[in-house]
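The values are calculated or read from the model by the stated rules, or taken from the named source; none is laboratory data. What you are looking at is a predicted structure, and each value in this text was computed from that prediction instead of being measured. Neighbour counts are summed over all protein chains in view; Cβ atoms, including those assigned to glycine, are modelled from backbone coordinates with ideal geometry.
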Amino acid sequence: MDVSDVKILILGAGGLGCEIVKTLALYGLPELHIVDMDTIELTNLNRQFLFSTRDIGKPKASVAAEAINRLQIPCKNGVTGFVHVVPHNQDLTQFNDDFISQFDIIVSGLDSIEARRWINFKLHDVTVKSNFKTVIPFIDGATEGLMGNCKLIVPGFTSCYECSLSTLPQNTETYPLCTLASNPRTLAHCIQYASIILWPREFPNRPHDLESPDDLQWLYEKSLHRAEEFNIHHSTLTTRYVLGVLKSIIPSVTTTNSIIAGQCCKQAIDLLTDKIDIETCPTFTMYNGEAGATMFSYRHERDASCTVCSVFA
Amino acid sequence: MINTSFDSNQGGLSCIRTSVKDQGPRALVQVMADQINGGLDDRYDRQLMIWGHSGQDLLSQSHVCVVDDNQTLLMRECVKSLALMGIHEITVVFGSSNGSDFVNKSNSDILGFDALESMNPDVTFHIWNENAVPIDSQHKLWNSFSIVICLCTAGPLLQRVMKLSAVPLIMASTNDNLGFVRLIGSEPHCVIDSHGHFTFDLRLNRMWPELAEYHESFDVKNMSQEEVSSLPYSVLLYNVGKSLKSKNIPINRKSVRAEFIELHDSILSGPLTNDLNFVEAERSSFLLYDQSGPFPHNLTNILNSFHAEPNSTINRWVYQFVRCIRIFYDLRGDLPVSAFIPDMESSTKLFNAQKAVYQRKAAKDKSEIMRILAKENYSLIPEPLIDKMLENLKHLDAIKMGSLSSATRTISEKPKFNKLLSLQNDRHDTTFVSPAMASILGAMVSQECVKLLTHQYVPVENTLLYDGDSNETSTFIL
């Protein structure tokens, strides 16, 4: 493939997205697109290095694109001009088929499983509809704490994102109602009681909004009261603690993002330069940095009953 | 602030803050206290979930030196990660031949120093040309660093680094699709918290009198259904164990399960799966099998790793603490009890009562540990660290670091590693590193650096080879 005329779409301008767009820009690829519908927050800055405190509140995709475009990074591979990044501050599921079909590769660093499922479905759909004229490889990165993975999905050739859904951890913690209602023993029980039972009783017409400091404070006070009432040790209870229990916040650090994003970009470049054979190459790479730094790769088997990719079997 | 030269008249040496390892115990008492740093919380929130305030506080007092002949992308990626994670002070020493364009070119560079410096206002940078740093490897400047990261593969700068002996050293390089990271140190490295998975030990077969009394206080067979439902699973387990013993039936998975069903069906109706405390009890039935509490191998490993008291402060504290745990164990025949027990489906009242039994014993054991520590003259260990280690007995560990003398040894089982070394020895051009390789290796280097600084998670023991052709790593001792 001719690398001088390559267009890559990057999904997400968060921890992985910033790393992906930086690394691909350093390869001097001419045109990169980046999509994200979020705005920048202070808690992003320990890893989303294209942003600074001045950018808080601004759209991530625009600021990331501007950070790269401003530097005027020369294109490589015989192309004149600078690397150009096009931002899309929007929900990626609003992209139509024509827009998506213009890209050679899609690299994702999303934080949502649903968005990944959508693009996975869309790319397989495009492949079928075009009768294999348009086959866009999808490289998906994901991290949590010191662990991460990188998945290479080529519609029709490899297993797809949907096939690997069952390998995702199930981290939804649920508690029996009787524990919350009559036998609370931990702070989490008190917080869930405030959230699931007290809030709807007090505000039957609206769910709580964890972005609202007032709502959070209300939940905190009710949780604290509950903990006091049941003699549960509460010196660690803060609004941050309440948020941590009610909202699944993923631990994240720059190193893991850099490793997984680097892995995604390496796969993208290897694909563009025909270094790997998509019919036989390993497709999933798993990384764990908690004890040593372990990385291994294997070819994920296609799920024969997969609702998305079994049409190709 | 960027210092572009090393000048002791302008405060050069004196402005370098002492690194954590050289600070007196008093400073570390603060560090270990897990205090909340208000404003810092939000920026580091997502990584505080990984290593906590105690880890972050150690980073915020560290001074890391990164040495590289050329200003490679690998070095920039490494410095970027260190800066973002909140290392207090970063000194970059670069070779004299390529230095000058470094700062000049930085404006148009995505990972230039202007960019790196603006990434985190908490970090102080120093950029030094090799001609400006002391030639003597024993100079106190070198000892003021918490860790030195060496990315050069040849030349006078490497020769100088190879003479450093007191400071932990990380060496790394990459060529084509291969990269390696090696951890070098004059003594083993102690881990305060490996964050590994483990199961609670409730001491159900090694009870102290109060715990036995508590468990004996329930006449389970004569309780109402409601009362039985409010019991923590440990009480159910205890009763099953006792009943099997009285019948002289050996305790194993099958016998425990049968006994559980019998106990359940004699009091409650419906399937066992309807009663959460029974479900939990069955899931934890292994707690009945474990007859003895042998001295854990991770603690033995720490004691065996050192021939003398460790030099670095935290290593010394961990070693001293584990020595006292061994003394305690030899006296009592068991480890100190943890104050933390898992949540058990039960009434609040019974759970709190049971928790209090464990907490009282844990407090008593801790005070005995404190007495042993004082008797051994180990009184400098900060109490918050003692609490943390008591909580983490199964997560303490020691790993062996590599030595400088073996730094360039080849090994026959690792042809790719030998290839990498030979490329270096041929003074192959290492200035070009692919952006992806730099991103991966630079981050791996800084992650190992942070593991060493925080004494959390287990560092590589002691050489890591990353193979970009197969997308796999392998670890070996060199």
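On the basis of being under 17 Å from A:C264 (Cβ atoms) and modelled with pLDDT of 95 or more, does A:V21 make the cut?
Working: under 17 Å from A:C264 (Cβ atoms): yes; modelled with pLDDT of 95 or more: yes.
Answer is yes for this residue.
Can you tell me how many residues within region A:232-247 are buried (at least 20 other Cβ atoms within 10 Å of the Cβ) and facing another protein chain (nearest Cβ under 9 Å)?
The total comes to 1.
Filter region B:172-191 for residues that are in contact with a Phe, Trp or Tyr (Cβ under 9 Å, 6 or more places away or on another chain) and within 28 Å of B:E391 (Cα to Cα); which is farthest from the other protein chains (Cβ to nearest Cβ)?
For region B:172-191, the residue satisfying everything is B:E187.
Answer yes or no as to whether B:R371 is surrounded by fewer than 18 Cβ atoms within 10 Å (Cβ to Cβ), basic (K, R) and free of Cβ contacts under 8 Å to residues at least 24 places away in the same chain. Can you show your working first?
On the way: surrounded by fewer than 18 Cβ atoms within 10 Å (Cβ to Cβ): yes; basic (K, R): yes; free of Cβ contacts under 8 Å to residues at least 24 places away in the same chain: yes.
Taking the combined requirement at face value, the residue satisfies it.
If a residue has to be touching a Phe, Trp or Tyr at 6+ places or on another chain (Cβ under 7 Å) and among the aromatic types (F, W, Y) to count, how many in region B:218-244 make the cut? Let's see the steps before the verdict.
Filtering region B:218-244 for residues touching a Phe, Trp or Tyr at 6+ places or on another chain (Cβ under 7 Å) gives B:231-232, B:235-236, B:240.
Applying the additional criterion that residues be among the aromatic types (F, W, Y) yields none.
Total meeting the criteria: 0.
Among what's in region B:195-221 and is aliphatic (A, V, I, L, M) and assigned to a loop (DSSP other than H, G, I, E, B), pick the residue that is nearest to B:L48 (Cα to Cα). Talk me through it step by step, then tell me what you get.
Kept after step one, since they are aliphatic (A, V, I, L, M), are these residues of region B:195-221: B:202, B:204, B:207, B:211-212, B:220.
Then drop every residue that is not assigned to a loop (DSSP other than H, G, I, E, B), which leaves B:202, B:204, B:207.
On the way: B:L202: 29, B:L204: 35, B:M207: 37 Å.
Top of the filtered list is B:L202.
Could you say whether any residue in region B:130-150 is within 23 Å of B:S406 (Cβ to Cβ), away from chain A (no Cβ under 14 Å) and assigned to a helix (DSSP H, G or I)?
The answer is yes, given that some residue of region B:130-150 is within 23 Å of B:S406 (Cβ to Cβ), away from chain A (no Cβ under 14 Å) and assigned to a helix (DSSP H, G or I).
If you go through region A:71-81 one residue at a time, do you hit one that is under 20 Å from the mean Cα position of the chain (by Cα) and either over 28 Å from B:M85 (Cβ atoms) or within 14 Å of chain B (Cβ to nearest Cβ) (or both)? Give the steps one after another, and end with the answer.
The first filter runs over region A:71-81 and keeps only residues under 20 Å from the mean Cα position of the chain (by Cα), leaving none.
Within region A:71-81 (the criterion being under 20 Å from the mean Cα position of the chain (by Cα) and either over 28 Å from B:M85 (Cβ atoms) or within 14 Å of chain B (Cβ to nearest Cβ) (or both)), the answer is no, since none of the residues qualifies.
For region B:128-144, state whether one or more residues are under 28 Å from the mean Cα position of the chain (by Cα) and crowded, with 23+ Cβ neighbours inside 10 Å.
Looking for residues that are under 28 Å from the mean Cα position of the chain (by Cα) and crowded, with 23+ Cβ neighbours inside 10 Å, one finds none in region B:128-144, hence no.
If A:V154 passes every condition in (1) modelled with pLDDT of 95 or more; (2) within 14 Å of chain B (Cβ to nearest Cβ) but one, which one does it miss?
(2)
Take B:T475 and decide whether it is farther than 19 Å from A:G148 by Cα and at pLDDT 90 or above.
On the way: farther than 19 Å from A:G148 by Cα: no; at pLDDT 90 or above: yes.
So B:T475 does not fit the description; no.
Within the set of pairs 6 or more residues apart or between chains, which connect a residue that is under 13 Å from B:F180 (Cβ atoms) and more than 10 Å from every other protein chain (Cβ to nearest Cβ) inside region B:450-478 to a residue that is in a strand (DSSP E or B) and among the charged types (D, E, K, R) with Cβ atoms less than 6 Å apart?
B:T463/B:R182
Of all residues in region B:191-226, which are surrounded by fewer than 18 Cβ atoms within 10 Å (Cβ to Cβ) and among the hydroxyl-bearing types (S, T, Y)?
Selection gives B:T199, B:S217, B:S224.
Pairs needed: first member in region A:101-112, aromatic (F, W, Y) and at pLDDT below 95; second member anywhere, part of a helix (DSSP H, G or I) and surrounded by fewer than 17 Cβ atoms within 10 Å (Cβ to Cβ); C-beta distance under 6 Å; at least 6 residues apart or different chains.
Close Cβ pairs satisfying both conditions: none exist.
Of all residues in region A:258-313, which are more than 8 Å from every other protein chain (Cβ to nearest Cβ) and under 30 Å from B:D193 (Cα atoms)?
Within region A:258-313, A:I260, A:F284, A:M286, A:Y287, A:N288 qualify.
Can you tell me which residues in region A:9-39 are farther than 27 Å from B:Y44 by Cβ, in contact with a Leu (Cβ under 7 Å, 6 or more places away or on another chain) and away from chain B (no Cβ under 14 Å)?
Hits for region A:9-39 are A:H33, A:V35.
Taking helices (runs of 4 or more DSSP H) that fall entirely within region B:223-337, which contain at least 2 residues that are of a type outside the set (S, T, Y), in contact (Cβ under 8 Å) with a residue 40 or more places away in the chain and farther than 26 Å from B:V357 by Cα? Walk me through how you get there before you give the answer.
On the way: elements: B:225-229, B:233-246, B:253-267, B:276-283, B:297-305, B:313-332.
Fully inside region B:223-337 and qualifying: B:297-305, B:313-332.
Residue-by-condition table, conditions (1) within 29 Å of B:Q56 (Cβ to Cβ); (2) in contact with a Phe, Trp or Tyr (Cβ under 7 Å, 6 or more places away or on another chain):
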residue: A:G244; (1), (2): yes, no
residue: A:S248; (1), (2): yes, no
residue: A:K266; (1), (2): no, no
residue: A:I276; (1), (2): no, no
residue: A:C281; (1), (2): no, no
residue: A:N288; (1), (2): yes, no
residue: A:M295; (1), (2): yes, yes
residue: A:D303; (1), (2): no, no
residue: A:T307; (1), (2): no, no
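Yes or no, residue by residue, for (1) within 26 Å of A:I113 (Cα to Cα); (2) more than 31 Å from the chain's Cα centre (by Cα):
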residue	(1), (2)
A:C178	no, yes
A:S182	no, yes
A:C190	no, no
A:S195	yes, no
A:R201	no, yes
A:D209	yes, no
A:D214	no, no
A:Q217	no, no
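Residue check: is B:K419 part of a helix (DSSP H, G or I) and within 25 Å of B:A212 (Cα to Cα)?
Working: part of a helix (DSSP H, G or I): yes; within 25 Å of B:A212 (Cα to Cα): no.
When the stated conditions are applied, B:K419 does not pass them.
Can you confirm whether A:I250 is more than 12 Å from chain B (Cβ to nearest Cβ) and in contact (Cβ under 8 Å) with a residue 12 or more places away in the chain? Write out each step before concluding.
Values: more than 12 Å from chain B (Cβ to nearest Cβ): no; in contact (Cβ under 8 Å) with a residue 12 or more places away in the chain: yes.
No; evaluated as a whole, the condition is false for this residue.
Residue check: is A:G57 within 11 Å of chain B (Cβ to nearest Cβ) and either under 22 Å from the mean Cα position of the chain (by Cα) or modelled with pLDDT of 90 or more (or both)? Spell out how you get there, then give the answer.
On the way: within 11 Å of chain B (Cβ to nearest Cβ): no; either under 22 Å from the mean Cα position of the chain (by Cα) or modelled with pLDDT of 90 or more (or both): yes.
Here the answer is no, as A:G57 does not meet what is asked.
Looking only at residues in region B:344-387 that are charged (D, E, K, R) and within 14 Å of another protein chain (Cβ to nearest Cβ), which one is nearest to B:H215 (Cα to Cα)?
Restricting to residues being charged (D, E, K, R) and within 14 Å of another protein chain (Cβ to nearest Cβ), the top hit is B:K355.
Please list, ordered by residue number, the helices (runs of 4 or more DSSP H) wholly in region B:37-121 having 2 or more residues that are in the same structural domain as B:A436 (by TED's automatic domain parsing) and at pLDDT below 85. Steps first, please.
On the way: elements: B:40-59, B:73-85, B:100-104, B:113-118.
So the answer is B:40-59, B:100-104, B:113-118.
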